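The values are calculated or read from the model by the stated rules, or taken from the named source; none is laboratory data. Keep in mind it's a predicted model, so treat the numbers as computed, not measured. Cβ placement follows ideal geometry from the backbone for every residue including glycine, while neighbour counts extend to all protein chains displayed.
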Amino acid sequence: MSVDTATVARIAALARLQLSEAELEAMVPELNGILAWVEQLGEVDVSGVEPMTAVIENHLRLRDDVVTDGGIRDQVLANAPAAEHGFFAVPKVIE
């Protein structure tokens, strides 16, 4: 696949980029090089390779889901500007 100046101008317009004629001309060999590299990747035999999501295998470090800061309601409510019945009190908002 080969890219010409008109194709680069169309891509720039779709990407909402404003490029000068010199910039358009400079992008033609850049995009052709990228497309040639992608075509070269398509020639690699990957029939025995399993798909992966990352190059480095990642493991999630899980912890037990336990409450560790419970039972301090009075200390938390001490920071509230107003509290009622063990909850934060906020002004009523009606539009």
Exactly one of Leu35, Leu41, Leu19 is touching a helix residue (DSSP H, G or I) at 6+ places or on another chain (Cβ under 9 Å), modelled with pLDDT under 95 and aliphatic (A, V, I, L, M), and that residue is Leu19
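Residue-by-condition table, conditions (1) surrounded by 10 or more Cβ atoms within 10 Å (Cβ to Cβ); (2) of a type in the set (Ser, Thr, Tyr); (3) modelled with pLDDT under 85:
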| site | (1), (2), (3) |
| --- | --- |
| Ser47 | no, yes, no |
| Val55 | no, no, yes |
| His59 | no, no, yes |
| Asp69 | no, no, yes |
| Arg73 | yes, no, no |
| Ile94 | no, no, no |
So Asp69, is it assigned to a helix (DSSP H, G or I) and over 21 Å from Met1 (Cα atoms):
no
